[in-house]
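Some notes on the structure that comes next.
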Amino acid sequence: MDLDLGAVRAFTAITEDRYFGEAATRLGISQQAISKRIAKLESDLGVRLFFRTRAGADLTEDGRAFLHHARSLVGLADQAVDLLRGRRRALRVDVLDTRLRSVELLRAFHQTVEDVDIEILTSNGLRSAHGALTRGSVDVFFSRVIGTLDEELRHIPAYLEPVHLLVSRDHPLAGRQHVEMERLSGSTVWMPGNTPGSEWADFYNVLGAAFDIQIDTSGPDFGWEHFMERIGSGEHIGFGGEELRLPWNPRTVQIPLVDPAPVYPCSLLYHRQNHHPVLALLTRFIQRAFRPFDSERQWLPAPDRAAFTVDRT
């Protein structure tokens with residue numbers, strides 16, 4: 001049998017106040033509600049706990065036998081709640097890569113608030129989000145959102161990061177201050193880290209289809225240093241985010257893309273039942289820092305546009 005803790009708390013309150021009405025007022029419920037709780041508790045236990053006198057409610061013999069254990073149950077419950085409320089647990093934030101803009105946002109947020117701990121983890125993106133957020137092993141995910149999310153998950157737009165072109169210093173486009181998207185028509189861009197089925201691979205597949213660009217995902221993927229060396233050698237051209245902190249390579253040039261400027265959409269995801277006190281502060285910070293999609297000069301896949309566009313009507 002599972003005891004209703006609310007009913008047990010009502011029982012201990014009546015033993016202290018002696019009157020149902022006074023105990024109900026202290027608990028913030030109606031007298032009818034406290035009477036129902038006691039009736040259910042007596043029904044569940046199969047005994048009578050109180051008898052009424054002119055001086056209030058007195059305990060029966062069974063009630064007196066139950067009182068010590070009832071107080072222990074309520075006391076343990078209160079201790080557990082106080083322990084969790086007082087626990088200073090870091091806000092656990094999952095990012096796809098610590099070189100991404102999401103980490104820079106977290107650093108900026110950390111500088112605006114006092115006495116806040118943040119723990120940064122990495123995973124394989126959106127595919128990990130549901131399980132980790134539901135289990136509570138992660139409080140926040142930074143990720144592009146595609147498809148339909150579980151109804152328990154919430155997300156807000158976090159940022160739009162411009163995509164840049166990466167070429168060797170010997171490449172014909174290396175001396176330009178920016179590169180129009182039409183100039184890449186018919187080109188092949190090497191992105192060995194584009195995991196099939198991932199949200200970022202989907203983004204670049206849609207980008208490639210929109211601008212007649214072939215996305216080469218052949219590997220193996222030996223990491224950012226190897227990637228930059230291959231770009232610098234002139235074997236390939238690549239894409240990277242404007243604020244992606246790539247390893248420096250003297251033979252590699254990073255150039256903004258324009259007309260239109262493709263931007264990668266990233267959202268902040270969290271579980272609606274997550275009540276970590278820092279989460280509300282972070283979401284407000286992200287909302288204030290967000291800059292919406294500019295349809296006149298930027299490009300986004302069609303499914304992303306609604307969430308990242310501000311209605312100006």
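We did not get these values from a lab; they are worked out from the coordinates using the rules stated. None of the values given here were measured: they were computed from a predicted structure. Cβ sites come from the backbone with ideal geometry, for glycine too, and all protein chains shown count toward neighbours.
Sequence-distant or interchain residues sharing an amide H contact under 5 Å with Ile118, placed H: which?
Leu91
For the chain, modelled as a Gaussian network with Cα springs under 10 Å, which listed residue fluctuates most, Ala23, Ala280, Ala158?
Of Ala23, Ala280, Ala158, the Gaussian network model singles out Ala23 as fluctuating most.
Rounded to whole Hz and in sequence order, give me ³J(HN,Hα) for the stretch 63-73 from the Karplus expression 6.51 cos²θ - 1.76 cosθ + 1.60, θ = phi - 60°, writing x for Gly and Pro.
Whole-Hz 3J(HN,Hα) from phi for the stretch 63-73: x, 5, 5, 7, 4, 4, 5, 5, 5, 5, 4.
Taking the alpha-carbon centroid of each part, what is the distance from the stretch 146-221 to the stretch 17-94 in angstrom?
Cα centroid to Cα centroid, the span is 59 Å.
Given the options Ala209, Phe222, Asn274, identify the residue whose Cα lies farthest towards the positive end of the charge dipole of the stretch 89-313 (+1 on Cβ of Lys, Arg; -1 on Cβ of Asp, Glu).
Farthest towards the positive end: Asn274.
Taking only Cα atoms and a 10 Å spring cutoff, compute GNM fluctuations for the chain and point out the largest among Leu27, Leu279, Leu246.
It is Leu27.
Computed from these coordinates, which is volume of the Cα convex hull per residue in Å³: (i) 138; (ii) 150; (iii) 189?
Derived directly from the coordinates: (iii).
Calculate the FRET efficiency for Gln214 and Arg107 from the Cβ-Cβ distance with a Förster distance of 35 Å, rounded to the nearest 0.05. Before the final figure, lay out the partial values.
Details: r = 36 Å, r/R0 = 1.03.
Taking R0 as 35 Å, the efficiency between Gln214 and Arg107 is 0.45.
So who's got an amide H within less than 5 Å of the one on Phe50, skipping anything under 5 residues away but keeping other chains? H placed 1.01 Å off N, in plane.
Thr60
Pull up the DSSP beta bridges for the stretch 89-313 and report the antiparallel fraction as a percent, rounded to 5. Show your work: numbers first, answer last.
Numbers: 21 of 35 bridges.
About 60 percent, rounded to the nearest 5.
Please list, by residue number, everything in the stretch 236-272 whose backbone N is under 15 Å from a paramagnetic label point 7 Å out along Cα→Cβ of His178.
It comes to 242, 255-263, nothing else.
Quick one: which residues, 5+ away or cross-chain, put their amide H under 5 Å from the amide H of Tyr159? H built at 1.01 Å from N.
It is Cys266, by chain and number.
Three principal axis extents, largest first, for the C-alpha atoms of the stretch 140-210, in Å?
Projected onto the principal axes, the Cα atoms of the stretch 140-210 cover 50, 23, 20 Å.
Per the helix-only calculation at 222 nm, which mean residue ellipticity applies to the chain, given -39500 (n - 2.57) for every DSSP H run of n ≥ 4 and division by its residues, nearest 500 deg cm²/dmol? Intermediate values should be presented prior to the final figure.
Working: 10 runs with 126 residues, N = 313.
It lands at -12500 deg cm²/dmol.
With θ taken as phi - 60° and the coefficients 6.51, -1.76 and 1.60, list the Karplus ³J(HN,Hα) couplings across the stretch 192-204 in order, rounded to whole Hz; mark glycine and proline as x.
Karplus-based 3J(HN,Hα) across the stretch 192-204 equals x, x, 7, 5, x, x, 7, 5, 6, 5, 4, 4, 6 Hz.
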